[in-house]
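The values are calculated or read from the model by the stated rules, or taken from the named source; none is laboratory data. Please read all numbers here as calculations on a predicted model, not as lab measurements. No Cβ is skipped: glycine too gets one built from the backbone with ideal geometry, and neighbour counts run over all protein chains shown.
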Amino acid sequence: MNILTEGEPRHPVPGPNAPRAEDIKRARDRSHVHAHREGGRWGMLLWLLVGPGILVMLGENDGPSMISYATTGAQYGIGFFLPFIVLTFAMAFVVQEMTVRLGAVTKRGHAELIKERYGRFWGFFSMADLVFGNLLTLVTEFIAVRAGLGFFGVPPALAVLGAFFLIVAIVATKSYWTWERIVLGFAVFNLLFVPVAILAHPVSSDVVRAFFTWGPIAGGVTVGFILLLISNIGATVTPWMIFFQQSAVVDKGLTPADIRHGRIDTAIGALIAAIAAIATVLATTPLFIHHIDVSSLQGADFAKALIPYVGNIGATLFALGLFEAGIVAAITISLSSAYAFGEVTGRPHSMNSSFRDGWPFYTVLLTAAGIAALLVLIPNAPLVFITIIVNVIATLSMPPAIVFLLLLVNDREIMGEHANRGWSNFFGIGVTVFLVVVGIIFGIATVFPRLFLT
């Protein structure tokens, strides 16, 4: 069992006078952080250190998530799900805060750390499980891209292939800092759902009341309600988030001194993502109020169905929001697969790597995105059903991922003074138990649907 130290490099350096390109770029970025910290320029310091937390939260506000929230608003309106969404993002913050500490202290990505602490089998198992789950999720991201651009009449093949080549172009920067800032620029447009919600004219007193009363559940607790409940959890808390943020923290070069800023970064991301998610529910609530059947709606159909209630401008913003959600998530999720592959196989795994040194890393990233893009072009696929089911799968696969996270973050041999304390374990275990209970309820509802109201 390897003992990790803070100063240990992530990969062997070829020679004392031949540092890798990724190390040089990371050192240059860290020199800026050091200069602003020494100069007491806290605003600039925060600007330099934010990124992984905002990206992981807004990346999780992906295509299937926004379609899940849209379906929620159309089927249940304002009520139970508004405060429930806040709860799910609180759970996401609990999980990702532990991830920040783990990456900053150990200088290891999640898959790499599992391999080093528990052996090659578990390292490769966690990597394979992640890559498979990510491939399913990537399919849904390109579904969102196709749906969003389909509203403007863009042919599916052009929309999907265009998104893929956009990913290629961003990867070609070969710089983590540049990649992060470009994707953050795209991620800001997740807030396009906010003006759509305003155009839907929700009753403010009903919105406030929902947060304090959790509101009624239209139609009662049915199998469909439970499916959507789990889909909303999977829209917020998924395994890829752990792998991505921990690896991104390492790639960015964060240290234990940056943990506080990492928490702020993650909290900001959770807040923005929760606002966008709630806005999406509010935006589609008019469909619930007017009893519009959304069971057969595909992604772009939501935007079209909203035209009588939010106008052409609102529908346009909704479609653009779907495109943004899909493209940002496709970029971040494909990167998490490449990180995990490189970490477990011992190959270079950094966005700062050159193509010559990091070709396996870049190959996995672009291959995962390319396969998903091609799968989306299969004719007559049930797109909305696929997106909701993928969220359900993500929820059911989350408890084992959190167990590994809790074991690692409680390991004082590698975490030292930054290991979990009482409250962190209380909330972390609480999230795990909650997800297990929800999974059990889903199983019961699937096998014995008559136990629930219809």
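Looking only at residues in the stretch 33-54 that are of a type in the set (A, V, I, L, M) and closer than 27 Å to Ala274 by Cβ, the one that is modelled with the highest pLDDT is Ile54. Residue pairs whose Cβ atoms lie under 7 Å apart, separated by 6 or more positions or on different chains, with the first residue in the stretch 56-70 and more than 18 Å from Phe81 (Cβ to Cβ) and the second outside any helix (DSSP H, G or I), do not occur. Every condition in (1) on the phi > 0 side of the Ramachandran plot; (2) in contact with a helix residue (DSSP H, G or I) (Cβ under 7 Å, 6 or more places away or on another chain) is met by Thr71 except one, and the failing one is (1).
Do we find that Ala144 is among the small types (Gly, Ala, Ser), surrounded by fewer than 24 Cβ atoms within 10 Å (Cβ to Cβ) and more than 23 Å from Ser350 (Cβ to Cβ) in this structure? Here the answer is no, as Ala144 does not meet what is asked. Considering only residues in the stretch 405-423 that are assigned to a helix (DSSP H, G or I) and in contact with a Leu (Cβ under 9 Å, 6 or more places away or on another chain), the one that is farthest from Gly234 (Cα to Cα) turns out to be Glu413.
For the stretch 419-438, filtered to residues that are touching a helix residue (DSSP H, G or I) at 6+ places or on another chain (Cβ under 9 Å) and surrounded by fewer than 18 Cβ atoms within 10 Å (Cβ to Cβ), the residue that is modelled with the lowest pLDDT is Val436. Would you mention how many residues in the stretch 200-222 are buried (at least 18 other Cβ atoms within 10 Å of the Cβ) and either over 27 Å from the mean Cα position of the chain (by Cα) or not in a helix (DSSP H, G or I) (or both)? Counting residues in the stretch 200-222 that are buried (at least 18 other Cβ atoms within 10 Å of the Cβ) and either over 27 Å from the mean Cα position of the chain (by Cα) or not in a helix (DSSP H, G or I) (or both) gives 3.
Out of Ile259, Ile268, Ile272, I need the residue that is more than 17 Å from the chain's Cα centre (by Cα), more than 18 Å from Met127 (Cα to Cα) and at pLDDT 90 or above. Which one? So the residue among Ile259, Ile268, Ile272 that is more than 17 Å from the chain's Cα centre (by Cα), more than 18 Å from Met127 (Cα to Cα) and at pLDDT 90 or above is Ile259. Looking only at the stretch 365-374, residues that are over 17 Å from Trp179 (Cα atoms) and either crowded, with 16+ Cβ neighbours inside 10 Å or out of contact with any helix residue (DSSP H, G or I) (no Cβ under 7 Å at 6 or more places or on another chain) (or both) come to 6 in all.
Residue-wise test of (1) within 27 Å of Leu102 (Cα to Cα); (2) acidic (Asp, Glu); (3) in contact (Cβ under 8 Å) with a residue 40 or more places away in the chain.
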{"residue": "Ala169", "(1), (2), (3)": "no, no, no"}
{"residue": "Ala172", "(1), (2), (3)": "no, no, no"}
{"residue": "Ala187", "(1), (2), (3)": "yes, no, yes"}
{"residue": "Leu192", "(1), (2), (3)": "no, no, yes"}
{"residue": "Gly219", "(1), (2), (3)": "no, no, yes"}
{"residue": "Phe244", "(1), (2), (3)": "yes, no, yes"}
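Is it the case, given these coordinates, that Val95 is closer than 22 Å to Ile268 by Cβ, touching a helix residue (DSSP H, G or I) at 6+ places or on another chain (Cβ under 9 Å), in contact (Cβ under 8 Å) with a residue 12 or more places away in the chain and surrounded by fewer than 24 Cβ atoms within 10 Å (Cβ to Cβ)? Considered against the rule, which asks whether it is closer than 22 Å to Ile268 by Cβ, touching a helix residue (DSSP H, G or I) at 6+ places or on another chain (Cβ under 9 Å), in contact (Cβ under 8 Å) with a residue 12 or more places away in the chain and surrounded by fewer than 24 Cβ atoms within 10 Å (Cβ to Cβ), Val95 comes out as no. Among the residues making up the stretch 258-295, a single one is surrounded by fewer than 24 Cβ atoms within 10 Å (Cβ to Cβ) and in contact with a Lys or Arg (Cβ under 8 Å, 6 or more places away or on another chain): Ile259. Taking (1) part of a helix (DSSP H, G or I); (2) hydroxyl-bearing (Ser, Thr, Tyr); (3) within 18 Å of the chain's Cα centre (by Cα) in turn, Thr178 satisfies each apart from (3). Taking the conditions exactly as written (closer than 30 Å to Asp258 by Cβ, assigned to a helix (DSSP H, G or I) and touching a residue at least 24 places away in the same chain (Cβ under 8 Å)), does Lys115 satisfy them or not? Yes; evaluated as a whole, the condition is true for this residue. Scanning the stretch 368-388 for residues that are modelled with pLDDT of 70 or more and in a helix (DSSP H, G or I) turns up Ala368, Ala369, Gly370, Ile371, Ala372, Ala373, Leu374, Leu375, Val376.
Being more than 20 Å from Ala159 (Cβ to Cβ), in contact (Cβ under 8 Å) with a residue 40 or more places away in the chain and of a type outside the set (Ser, Thr, Tyr) holds for only one residue in Ala303, Ala283, Ala319, Ala329, and it is Ala283.
Please verify whether Ser354 is buried (at least 24 other Cβ atoms within 10 Å of the Cβ) and not β-branched (Val, Ile, Thr), treating the condition exactly as stated.
no
Every test in (1) closer than 23 Å to Ile54 by Cα; (2) modelled with pLDDT of 90 or more; (3) more than 20 Å from the chain's Cα centre (by Cα) is passed by Leu406 save one, and that test is (3). For Ile333, the criteria (1) hydrophobic (A, V, I, L, M, F, W, C); (2) over 24 Å from the mean Cα position of the chain (by Cα); (3) closer than 17 Å to Ala235 by Cβ hold in every case but one, which is (2).
Among the residues of the stretch 74-112, the ones that are part of a helix (DSSP H, G or I) and in contact with a Pro (Cβ under 6 Å, 6 or more places away or on another chain) come to 2 in all. The single condition from (1) surrounded by fewer than 23 Cβ atoms within 10 Å (Cβ to Cβ); (2) closer than 27 Å to Ile233 by Cβ; (3) modelled with pLDDT of 85 or more that Tyr339 fails is (1).
State all residues of the stretch 110-124 that are surrounded by fewer than 16 Cβ atoms within 10 Å (Cβ to Cβ) and charged (D, E, K, R); if no residue qualifies, say none. Residue satisfying the conditions is Arg120 alone.
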